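The values are calculated or read from the model by the stated rules, or taken from the named source; none is laboratory data. Just so we're clear, the structure is a prediction, and the values are computed from it rather than from any experiment. Backbone-built Cβ (ideal geometry, glycine too); neighbour counts: all protein chains shown. For accessibility, only protein heavy atoms count, side chains too; no ligands or nucleic acids. Shrake-Rupley method; radii C 1.70, N 1.55, O 1.52, S 1.80 Å.
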Amino acid sequence: MSKGERRKIGERGQVTIPKELRERFGIKGGDDVVIHEEAGKLVIERPVTREELAEGYRQRAQQTSELADELEGVSTEANDHLGDAPEW
């Protein structure tokens, strides 16, 4: 599909998403989509599923845990090198 492909909008505001794009993005008849404006353009997206959202939270928790482990080592190393923070 070329970037400039045109589609007619029906009287009820309906437009057909080209088959190539439906297949590429896994959109089937009856699926929900999210339509919003972004930088002056209309954007059509598949909504985030519960499974995708849960996986995102799992990945974020793993990254946070790894970062906390790394920072613990850095804090210990800094304390060993610099000593405890002075009392103000």
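See the values below:
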{"item": "Rounded percent of accessible protein surface that carbon and sulfur make up, the chain, 1.4 Å probe", "result": "51 percent"}
{"item": "Within the chain: Cβ-based charge dipole about Cα centre, in debye rounded to nearest 20 (Lys, Arg +1; Asp, Glu -1)", "result": "1480 debye"}
{"item": "Cβ-based net charge around ARG22, under 10 Å, with every Lys or Arg adding one and every Asp or Glu removing one", "result": "0"}
{"item": "Binned Cα-Cα distances of the chain, short to long, each 10 Å bin given as a whole percent", "result": "12, 25, 19, 14, 12, 11, 7, 1"}
{"item": "Accessible area of the chain divided out per residue, in Å², using a probe of 1.4 angstrom", "result": "99 Å²"}
{"item": "The chain, helix-only ellipticity at 222 nm - DSSP H runs n ≥ 4, -39,500 (n - 2.57), divided by all residues, nearest 500", "result": "-15500 deg cm²/dmol"}
{"item": "Phi-based couplings in Hz for region 5-14 (Karplus 6.51, -1.76, 1.60; Gly and Pro marked x)", "result": "4, 9, 9, 7, 9, x, 4, 8, x, 8"}
{"item": "Charge dipole (region 1-56, unit charges on Cβ, about Cα centre) - positive-most of ILE17, LEU42, LEU53", "result": "ILE17"}
{"item": "Folded to 0 to 90 degrees: helix 50-82 orientation relative to the chain principal axis, Cα", "result": "20 degrees"}
